[in-house]
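The values are calculated or read from the model by the stated rules, or taken from the named source; none is laboratory data. Treat the numbers as computed from the prediction; the structure is a model and nothing was measured. Here Cβ is always computed from backbone atoms with ideal geometry, including for glycine, and neighbour counts include all displayed protein chains.
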Amino acid sequence: MIEDCLKLTSYFGERNRNGRTFLADSQLDLFGRREIPISVLLRGAEGFGLKHHLRTDRLLTLSEDLPIVSVAVDTRARIEALLDDLRSIEHRGLVTLERARMLRGDIGPLQLPDDLHEATKMTVYVGRQERVYRVPAFAAVCDLLHRRGIAGATVLLGVDGTAHGQRTRARFIGRNADVPMMIIAVGSGERIARVLPELGGLLRRPLVTLERVQVCKQEGELVDRPHPLPAVDGTGMAVWQKLMVYTSERALHDGQPVHRALVRRLRSSGARGATALRGMWGFHGETPPHGDRLLQLGRRVPVVTIIIDTPDRIAASFDIVDELTTEHGVVTSEMVPATAMIAGDNRDGDLRLAPHRPAR
Amino acid sequence: MTLLVWVGVVLIGGGGSVLRFLVDGAIASRTGRSFPYGTLVVNLSGAVLLGLVTGLVLNRDGALLAGTAAVGSYTTFSTWMFETQRLAEDRQVPGLAANVVVSLVAGVVAAALGKMIGSYL
């Protein structure tokens, strides 16, 4: 069954507080109380936000307040109800609402909605210790996607979240079996539609979301620049745009890993923010799925860099992205129909959905 | 008297690490680069200070407070090593080599310089 859903994403600092508790904890407590079918809390490796303070896990002092991303997906009505509760939490950072389709339970052969035909971003949610025929579920899913010719997949490790409505927080000591992980893959709607029933057969309780994206670059080749979006939609509400850059720790630009060079260049260009999330497993193109090795010096895992900004800024940021991803990387563009930036008491933007849909 | 000295070590030691956090943070966020300039500046300035303190020939308590407590908590070996390992993870071979060699060579020179200044004061 395909459900029309909303994806609520918050970008903030690890040390942001809501009164006496951490903002991340207050948010996830709320997701747990509301029994959100799937939510994941991810820790970033590097990034900057509205105040343009660089945070990076490269340097000890600057790793003090690393970026955090929380994602929650549920039906439209339930996310709208959740927004009312979220307003009671003292929030800083960026909050976005995006449209997504959720598939759960029995996934049979299916026809994707028309707008997902071109390119689709699929996110599969599995538990950390979930296994498929004695193989870790994330590895089994990556293998399947690789064999079916999907261009790439990135596995992001959650540290907290809800899975099928149950709160699962990672502990320092423990199996953390059900703490959710996200497997993000981008491919043509047709290929994704073919692989979906197989995923349904592979996983015990499959939970998948699908989002419409535009592929801008593929393995360094320019496919199409991000579709120019109007700054405001027909009803006068601001429209935002999101770029996601999928690269690898191994991909270098000018001797630096692409995502690090990208975050620094974007910061000095005056972009509103960027967050790099390091995956723990994944693949790009022909190379088989892999993670890091126990004995290694340089890292090999995939990385996703997320850039959210107004459409005119995105056009400028894409030039930087394009320049840094001449040899590697997949770049996608998405419309963000609702965004709110919150810095202290200043709230800019509104979390009502802009109905604009970009022309194909 | 000894209790006072130990309380002094606690307070000055805490102050030294806070100072490092501020200096490192200010430099690192200003340069915005992946090379750990902040830690390098902290360690080199610490080496000058420690050289200076030993050059001054202080009494025992004075040396404990100024050397071990203040400079000892201000400088950091573990951060230097940690950030060098992080450079290796990013395949930053020139940066990695520079971080090790410059810290070592310039560090010894800085300590000698501090000691020389101290002995003239």
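Would you say B:TYR74 is within 12 Å of chain A (Cβ to nearest Cβ), surrounded by 14 or more Cβ atoms within 10 Å (Cβ to Cβ), within 15 Å of the chain's Cα centre (by Cα) and free of Cβ contacts under 8 Å to residues at least 60 places away in the same chain? So B:TYR74 fails the test. Count of the range B:6-39 residues, restricted to those that are within 11 Å of another protein chain (Cβ to nearest Cβ) and either aliphatic (A, V, I, L, M) or touching a strand residue (DSSP E or B) at 6+ places or on another chain (Cβ under 7 Å) (or both), is 6.
Scoring B:LEU121 on the criteria (1) facing another protein chain (nearest Cβ under 10 Å); (2) modelled with pLDDT under 90; (3) surrounded by fewer than 15 Cβ atoms within 10 Å (Cβ to Cβ) leaves a single failure, condition (1). Can we say B:ALA98 is more than 9 Å from every other protein chain (Cβ to nearest Cβ) and closer than 24 Å to B:GLY14 by Cα? Here the answer is no, as B:ALA98 does not meet what is asked. If you filter the range A:52-79 down to residues that are in a helix (DSSP H, G or I) and closer than 17 Å to A:ALA274 by Cβ, you find that the one that is nearest to the other protein chains (Cβ to nearest Cβ) is A:LEU62. Of everything listed in (1) under 22 Å from A:VAL126 (Cα atoms); (2) among the aliphatic types (A, V, I, L, M); (3) at pLDDT below 90, the single unmet condition for A:ALA100 is (3). The residues of the range A:313-328 that are at pLDDT below 90 and surrounded by 17 or more Cβ atoms within 10 Å (Cβ to Cβ) amount to a single one, A:HIS328. Scanning the range A:80-131 for residues that are outside any strand (DSSP E or B) and under 18 Å from A:GLU198 (Cα atoms) returns A:GLY105, A:ASP106, A:ILE107, A:GLY108, A:PRO109, A:LEU110, A:GLN111, A:LEU112, A:GLU130.
Let's see how each residue does on (1) at negative phi; (2) in contact (Cβ under 8 Å) with a residue 24 or more places away in the chain; (3) not basic (Lys, Arg):
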site	(1), (2), (3)
A:LEU62	yes, no, yes
A:PRO67	yes, yes, yes
A:VAL73	yes, yes, yes
A:ILE89	yes, yes, yes
A:VAL95	yes, yes, yes
A:ILE150	yes, yes, yes
A:ALA153	yes, yes, yes
A:ARG167	yes, yes, no
A:ILE173	yes, no, yes
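Out of B:THR54, B:THR79, B:THR84, report the one residue that is of a type in the set (Val, Ile, Thr), at the interface with chain A (Cβ under 9 Å from one of its Cβ atoms) and either part of a helix (DSSP H, G or I) or surrounded by fewer than 19 Cβ atoms within 10 Å (Cβ to Cβ) (or both). Going through B:THR54, B:THR79, B:THR84 in turn, the sole match is B:THR79. Taking every residue in the range A:297-316 that is closer than 15 Å to A:ARG267 by Cα and away from every other protein chain (no Cβ under 14 Å) and pairing it with any residue that is among the basic types (Lys, Arg) and not in a helix (DSSP H, G or I), at least 6 positions away or on another chain, the pairs with Cβ-Cβ distances below 6 Å are A:ILE308/A:LYS242; A:ASP309/A:ARG272.
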